[in-house]
Every structure is written in structure tokens, then in C-alpha cells.
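Input: a single structure, listed below in C-alpha cells.
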Ligand SMILES: Nc1ncnc2c1ncn2[C@@H]1O[C@H](COP(=O)(O)OP(=O)(O)OP(=O)(O)O)[C@@H](O)[C@H]1O
């Protein structure tokens, strides 16, 4: 089943045309990495999929709904199936980690057990700390733990592993893959780490010069002769 169908997506900021005709589809259960150089338009693209940013031209269908013509109440229902983690993440400064998890569990009316989330994300030592006082990497982990609380059908992550140490990166990816295997949820993320794309993503979309220059399975890219996704990236994109 198609979760997202994007045709000829165009978006400008003033006279800076960032997206010049992007075509993209995501099926249920896929893990898709969006790559491209700094300023290529990856975050802009994800924010449009999250339904929080407007666009100029094209069609964006999310869960079979055209997000431009959908009534507000249905847009809100649709958003309940999407979890997002943006960068940088700012949560309520005066709340402790355990309190934040409880708050969002209530907000999402989530059946997920907070103790399990705390154990899975290795948050025990941090549950009584104020979110504001955590290191950047731990803030990221808490944000991701919260994203999983809503048991989303679609998870959108903007550079989820940036700033994480290798153990936390592995931990995070094992959680993403586990969520994907168990629930069939779709994951769309951006990263500059090409090893992560190679290891964990089913498909890659390369945004270059405002278009999806490549949208292909990682398997086919590697089968076409590149020795790694990193080599593919370096050979496909000039500085
Ligand atoms: N709100 C905004 N107003 C004006 N220009 C913006 C805005 N947001 C992004 N841009 C511009 O749009 C372009 C694409 O930005 P975007 O953040 O989508 O790129 P990116 O691929 O995510 O970059 P990076 O890899 O550096 O995070 C950049 O030139 C950026 O300066």
C-alpha cells in the first residue's frame, strides 16, 4: 500500500527555488533514506511530508489524502499517524525526562509501557534529569523515545543519529528496525552517514539540483557497480 505519493513537488523561498520537481513514493514498511548535500532541500522535503510546511506546485498524497485540499479536521487525524523528530529539538525546559514521557504518553493516549521505553532506550540513569540539562545526544534519544510512544504508521526523522556516539547510533537503529519489522511502519529519514543508508535503508532518494536525481533501492545501486553507497554519493554529487 502506498503511504506517500509525491508528484512534481516544487518549493521556493523567495526567489530561491529549492525543490524543482521532486517525485517520490513510499510503500508500507519501507525504510527510505533521503540524501543530498547541505542545503539540497532535504529538511524542506521532510517538513512538507510532515504537513507542517506549504509548497507551491505539485501533488502530495499522504495516507491517500491530498494534503492541499484536505479539511482541517481530517488533516489532524492524519497527523496522529505520523511521528516526527526534528533538529534541533526543544522540549519543555522545566520537565524531567520521566515527566516528559508521561506527558506525551497521556497526550498520544499511548498503550506503550513507559518502563519498557525507559529500559529500551537506556534512560534509567536520566529519568530524573531535566531535559534541558541533558547532552545533545541524550536529548536526541529522549526525542526519539517520545516519537515511538505514539506507535506511528509513519516515522519521519531529520538526521536522527547526528551527534550520537557509535553505541547510541546502533541502539537507535536497532529500535527503528525493530519498530519497522514488528509494526510494518514506514520510516523516512535524512542522514549524511552513507554507511547507515547502506546498512539499514531499503531505498535511497538523492536530491540534487532540486530534483530526485536518483530514487532507487540500495541493492540496485550496489549491484550497478558501486563498491559502497558512500562511493555512489561521492561520484554522483559534485561539491
Ligand atoms: N524558512 C526558510 N526561509 C528561507 N530559506 C530557507 C528556509 N528554510 C530553508 N531555507 C533554504 O532552503 C535551502 C534548503 O534548506 P534545507 O534545510 O531544506 O536543506 P538540507 O538539505 O536539509 O540541508 P542540510 O543538509 O544542511 O541540513 C537552503 O538554501 C536554506 O537556506
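Extending 7 Å from Cα along the Cβ direction at residue 162 and again at residue 238 yields two label points whose distance is 2.6 nm.
Taking every C-alpha pair closer than 8 Å and separated by at least 6 residues, the mean separation divided by the residue count of the chain gives a relative contact order of 28 percent.
Where both partners of a DSSP beta bridge lie in the chain, what percent of those bridges are antiparallel, to the nearest 5?
Around 60 percent antiparallel, to the nearest 5.
With contacts taken as Cα pairs under 8 Å and at least 6 residues apart, the stretch 145-239 reaches a relative contact order of 23 percent. For the stretch 111-239, the equivalent ellipsoid built from the Cα gyration tensor has semi-axes of 31, 16, 13 Å, listed from largest to smallest.
Classify the stretch 7-76 from the C-alpha gyration tensor, please: rounded if a/c falls under 1.5, else prolate or oblate depending on whether a/b exceeds b/c. It is oblate, given that a/c is not under 1.5 and a/b is not larger than b/c. Taken over the Cα atoms of the chain, the convex hull encloses 135 Å³ per residue. Sorting 195, 5 by the number of Cβ atoms found within 10 Å of their own Cβ, with the fewest placed first, yields 195, 5. What is the stretch 2-45 by shape, rounded, prolate or oblate, if you read a ≥ b ≥ c off the alpha carbon gyration tensor as root eigenvalues and call it rounded for a/c under 1.5, prolate for a/b larger than b/c, and oblate otherwise? Verdict is oblate for the stretch 2-45. Neighbour counting of Cβ atoms within 10 Å sorts the residues 115, 151, fewest neighbours leading, into 115, 151.
In this simple spin-label approximation, residue 116 and residue 231 carry label points 7 Å from Cα along the Cα→Cβ vector, and these lie 4.2 nm apart.
What is the stretch 126-199 by shape, rounded, prolate or oblate, if you read a ≥ b ≥ c off the alpha carbon gyration tensor as root eigenvalues and call it rounded for a/c under 1.5, prolate for a/b larger than b/c, and oblate otherwise? Let's see the in-between values first.
On the way: a/c = 2.00, a/b = 1.27, b/c = 1.57.
Here the stretch 126-199 falls in the oblate category.
Cβ crowding within 10 Å, taken as a proxy for footprinting-reagent exposure, orders 173, 138 from fewest neighbours to most as 173, 138.
Per 0.36 nm of contour for each residue apart, how much would the distance between residue 75 and residue 56 grow if the chain were fully extended, relative to their Cα-Cα spacing?
Values: separation 19, 0.36 × 19 = 6.84 nm, distance 1.84 nm.
Full extension of this stretch gives 5.0 nm more.
With the alpha-carbon atoms of the stretch 20-136 aligned to their principal axes, the span from lowest to highest coordinate is 47, 35, 28 Å, starting with the largest.
None of the figures in this text is laboratory data; all of them are computed from the coordinates on show. If you're wondering where the values come from, they're calculated on a predicted model, not measured in any experiment. Cβ: placed from backbone, ideal geometry, glycine included. Neighbour counts: every protein chain shown.
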